[in-house]
Amino acid sequence: MNELAYNAAFFIFAAITVASAIGVVTKNDLVHSALLLALCFIGVSGLYVLLQADFLAAVQILIYNGAIAIVFVLGTMLTRRSARHGTNDTEKNIPSRLVAVVSGLFVVVTLGVIATTPWHYFGEGVVEDTPSLIAQFILTDYMVAMEAAAVLLLAAMIGAIVLAKGVEE
Amino acid sequence: MFNQYALHHAWLIPLLPAFAFIFVGFFLRRLPAVAGFVSICMSLLSFILSLGVGYGVIARQITVDNPLVQKIPWVSIAGFQADMGVYVDPISAMMLVVVSLVALLVQIYSLGYMRGDNGFGRFFAYLSLFAASMLGLVIAVNFVQLFVFWELVGLCSYLLIGFYFNKVSAREAAKKAFITTRIGDFGLLIGILFLQILFGTLDFQQLAATVPTYVMQHGTALLTIVALLIFLGPIGKSGQFPLHVWLPDAMEGPTPVSALIHAATMVVAGVYLVARAFFLFSVLPDAMAVIAWIGAFTACFAASIAFTQRDIKRILAYSTISQLGYMMLALGVGSVTASMFHLMTHAFFKALMFLAAGAVLHALPEKNDIFTMGGLRHKMPVTFAAMTIGVLAISGIPPFAGFFSKDEILLAVAQVSTPLYTIAVVTSFMTAFYMARLLIVVFCGEEKPENQPHEAPLSMRIPLIVLGVLAVIGGYIPYANNFGDWVRFGAAVHEGIDFSVAATSTVIAILAMCLAWFIYGNGMVRSDKISRRFRIFYKVSFHKYYIDELYLWFNHTFVDGFGKLLYWLELHFVEAILIKVAASLPVKLGNVVRKSQNGNLQRYGLVMFGAMILVVVWLVLLNPLFNGVAGGAY
Amino acid sequence: MIGMAHFLTVAAIIFAIGLYGVLTKRTIIGILMSIELMLNAVNINLITFSHFITPEALTGQVFAIFTITVAAAEVAVGLAMVFRVYHDRNTVHAARLDEMHW
């Protein structure tokens, strides 16, 4: 792969992701936040592609953009009052600067850990046809976990329905 | 053959009444007839076994020097070994016979006395337990076993004195008996612990073997204190001064109980303990002197109180204290023989008198002042005869039982100390006087028209007759058969009758009885005149030397005062300062910490993540050890 | 050359942004969105490690799939709860839901 193109792609996707993430938490309007969240997800899926996880990139688009972001928008609309403005305010009782400092510290510390940890690279192996490989994993080694995830999803679905519908008293 | 069996199954003797207690107490309480039958059968069996033991002791030539001891280990831990067992020697065999006989007779008597009482079954259960505890005490092989049964006896006395527990005075008397004897028991327990520390064993035989050498090596100072501590137990149990106050109040129990407590069990336990531990006391002259003087003083002191009492049972109670003082005196001057002899005869005539008094009270319910009785001899001839025998016996008139034993005591005392002898003789004068007073006032004189006495029923007359016979012959027969050869400590002593001592005591007793007759019988000297002339003495004696009041005053002043002081401290120091501080500190601390617990999730999250970052910084970036581990993972 | 550290850095930044959002947003929906950001950061990490450290095994990717599953379930239940709370109290402000403290 052309290295320059790769680098450029990384920075573009990283910029999209980070910028839209910042937008998600700073925008005052929930609908804006939701849309920016969708954009952020697209950026993340681009990063997945750069990491040669093409299947996951597709899953990311399908699930996050196709389902989660849409659900957020729906939720926003269902709980919205008259004005859209101020639906996603920052809480006033929270010292947001302190939170910003803590978050910044988090990044610094994480960078420190990344820098000091002696990673052992295995070079960049190229995997062809990741979907079939993942499918093999899921249906053999991770069979039980997969079934558990299915049960979890079912439970979540039933729980969500019950919660949203309300129990007859 | 039978005595062989009895000797080797002597452990059955306390066990049979104990079974009776369990059966009657737990299963047969609602069936009075069965309860009485079972209890009496068990007592009878135990009496027959005791007789077998007594016969076996004589037949097998078991003396105090070679007792028959059977024991099994009971508690065995490092440094402490206690057995349960049977200690058969002439002393315990004599006690077994006396105790089981009196218990049996008292139970038969109770059949009539307690007829129709609601607590009939309960009463027999307690009586059985009482007998079992006392019999167990008698055959104890060591101080631990003795103490266990000693406390059981105390418990039974509590239960029986407080038998009419819906009567306030009975409850109070029961508590008084229990607590007062507990003071003595405390000393006894400490003494026993001291013995364990000093000698490393509590077994009677082992102690008897080691005590003399110990005294030779270490002197008597410490051991005297230990002995006096042990003696505190008998002081409480046997109603010696100054812990005698519970005994007169113990009259609140039913009269058969009084007979049992005063004649055969409970009070003689103390005397028996001293006799059993005589190997200890006999080597400690100071302790012996204390015992002798306490005994003599108690004898005289109690007799002088009995002088003026009006309650028939109280007079008998004080006479018991007085006679127990005699026994202690005999022990104090070193004569186990005299003491045990008197214990036995006293058991007979005192049980006799109590049962006779019970018959009187049974005939005249709701009365106990002797001056409201009178002239009962016509309607109650058997009771009258029984009481007369008892009075003659206790006064020491030959040939009744008390004469021989009292004479033996006086003789032993006369050889040791003249002052003690004088006290003993004066006491015997007083004894004869107040006992004659009791007899004359209750049975002679005019009949009171408001009284409707009747003779006691058969079940009550039989024990009276049996005990009456024993009170007559119970002195001469042992005397003639060399009682002192068997029941003794050290070498056997053959005293014979010293005629100067015997004549003195007899003459004095007869004089005292004549004096009583003149005062109370034919009214030659008016009793109220005497009491007016000697007003102070009368009052002091009537109020029992104000001992109870003194104890009450002490209680009110010191114990209650101390309580008040503690209460004040509690109010003004503990509660005001300590508790307030202790309570306000967490509140203040909580107010500080509460601010962080405001329920705001996001603030919690902030704190959590902040702390997490700090932990990561500390663990990963600053800690080289962890860094090395984390780095080595890949 | 873009290496592992770059991807990890991006993930860390996104995670920090999500953290900031979780701790400061007023409505529950905003908080849920921020949580999604954090989960995505984690997924990026997982796939990065999978790519650079165990390129043959693909375990990181499998793990990421499960994370996505859980995230989906979480959003579904979370939003249902938001509807419920909104229905009961007519508010979606986290600060008003403070029954957890004394």
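The values are calculated or read from the model by the stated rules, or taken from the named source; none is laboratory data. It should be emphasised that the depicted structure is a prediction, and the values quoted were computed from it without experimental measurement. Here Cβ is always computed from backbone atoms with ideal geometry, including for glycine, and neighbour counts include all displayed protein chains.
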Quickly run through the range A:130-156 and pick out the residues that are within 8 Å of chain C (Cβ to nearest Cβ) and part of a loop (DSSP other than H, G, I, E, B).
A:TYR142
Criterion: closer than 24 Å to B:MET95 by Cα and over 15 Å from the mean Cα position of the chain (by Cα) - qualifying residue of B:PHE163, B:PHE204:
B:PHE204
For B:GLY119, the lone unmet condition from (1) at pLDDT below 85; (2) surrounded by fewer than 24 Cβ atoms within 10 Å (Cβ to Cβ); (3) touching a helix residue (DSSP H, G or I) at 6+ places or on another chain (Cβ under 8 Å) is (3)
Mind listing just one residue for me: the one in the range A:60-75 that is within 7 Å of chain C (Cβ to nearest Cβ) and buried (at least 21 other Cβ atoms within 10 Å of the Cβ) and, of those, modelled with the lowest pLDDT?
A:GLY75
Only residues that are buried (at least 24 other Cβ atoms within 10 Å of the Cβ), modelled with pLDDT of 90 or more and more than 7 Å from every other protein chain (Cβ to nearest Cβ): list them for the range C:46-60, please.
none
Tell me yes or no: at least one residue of the range B:245-260 is modelled with pLDDT of 80 or more and in a loop (DSSP other than H, G, I, E, B).
yes
Pair list, Cβ under 7 Å, 6 or more apart: the range A:12-34 residue among the acidic types (Asp, Glu), other residue in a loop (DSSP other than H, G, I, E, B) and buried (at least 18 other Cβ atoms within 10 Å of the Cβ):
A:ASP29/A:THR87; A:ASP29/A:ASN88
Being modelled with pLDDT of 80 or more, over 22 Å from B:SER459 (Cβ atoms), hydroxyl-bearing (Ser, Thr, Tyr) and assigned by TED's automatic domain parsing to the domain that holds B:TYR479 is true for just one of B:THR345, B:THR372. Which residue is that?
B:THR345
Sole miss for B:GLN205 among (1) more than 21 Å from B:HIS262 (Cα to Cα); (2) at pLDDT 85 or above is condition (2)
Taking B:THR63 as meeting all but one of (1) in a loop (DSSP other than H, G, I, E, B); (2) at pLDDT 80 or above, write down the number of the exception.
(2)
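Go through the range B:274-297 residue by residue and tally those that are aromatic (Phe, Trp, Tyr), farther than 20 Å from B:LEU146 by Cα and crowded, with 19+ Cβ neighbours inside 10 Å.
Selection size over the range B:274-297: 1.
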Might you check whether a residue that is within 20 Å of A:ALA115 (Cα to Cα) and more than 7 Å from every other protein chain (Cβ to nearest Cβ) occurs anywhere in the range C:81-92?
no
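Of the residues that sit in the range B:130-148 and are of a type in the set (Phe, Trp, Tyr) and in contact (Cβ under 8 Å) with a residue 60 or more places away in the chain, which one is surrounded by the most Cβ atoms within 10 Å (Cβ to Cβ)? Break it down into steps so the answer makes sense when it comes.
As a first pass, look at the range B:130-148 and keep what is of a type in the set (Phe, Trp, Tyr): B:130, B:143, B:147.
Those left that are additionally in contact (Cβ under 8 Å) with a residue 60 or more places away in the chain: B:130, B:143.
Details: B:PHE130: 28, B:PHE143: 26.
Restricting to residues being of a type in the set (Phe, Trp, Tyr) and in contact (Cβ under 8 Å) with a residue 60 or more places away in the chain, the top hit is B:PHE130.
Looking at B:MET251, is it crowded, with 21+ Cβ neighbours inside 10 Å and out of contact with any Phe, Trp or Tyr (no Cβ under 8 Å at 6 or more places or on another chain)?
Here the answer is yes, as B:MET251 does meet what is asked.
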Matching option when the condition is more than 24 Å from A:GLU3 (Cβ to Cβ), assigned to a helix (DSSP H, G or I) and more than 14 Å from chain B (Cβ to nearest Cβ), among C:PHE7, C:PHE63
C:PHE63
Looking only at the range C:81-100, count how many residues are over 12 Å from C:LEU32 (Cα atoms) and in a helix (DSSP H, G or I).
9
Selection from the range C:20-45 of residues that are facing chain A (nearest Cβ under 7 Å) and among the hydrophobic types (A, V, I, L, M, F, W, C):
C:LEU23, C:ILE29, C:MET33, C:LEU37, C:ILE44
Does C:PHE49 satisfy being over 30 Å from A:VAL31 (Cβ atoms), aromatic (Phe, Trp, Tyr) and in a helix (DSSP H, G or I)?
yes
If you go through C:ALA71, C:ALA12, the only one that is among the small types (Gly, Ala, Ser) and away from chain B (no Cβ under 14 Å) is C:ALA71
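Residues checked against (1) touching a Lys or Arg at 6+ places or on another chain (Cβ under 6 Å); (2) crowded, with 17+ Cβ neighbours inside 10 Å; (3) at pLDDT 90 or above; (4) under 20 Å from C:GLY21 (Cβ atoms):
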residue: A:PHE11; (1), (2), (3), (4): no, no, yes, no
residue: A:ALA34; (1), (2), (3), (4): no, yes, no, yes
residue: A:LEU39; (1), (2), (3), (4): no, yes, yes, yes
residue: A:LEU51; (1), (2), (3), (4): no, yes, no, no
B:ILE91 passes all but one of the listed conditions (1) closer than 19 Å to B:PHE341 by Cβ; (2) in contact with a strand residue (DSSP E or B) (Cβ under 8 Å, 6 or more places away or on another chain); the exception is number (2)
Could you list, in sequence order, the residues of the range A:1-34 that are at the interface with another protein chain (Cβ under 8 Å from one of its Cβ atoms), among the aliphatic types (A, V, I, L, M) and under 19 Å from C:MET4 (Cβ atoms)?
A:ALA14, A:VAL18
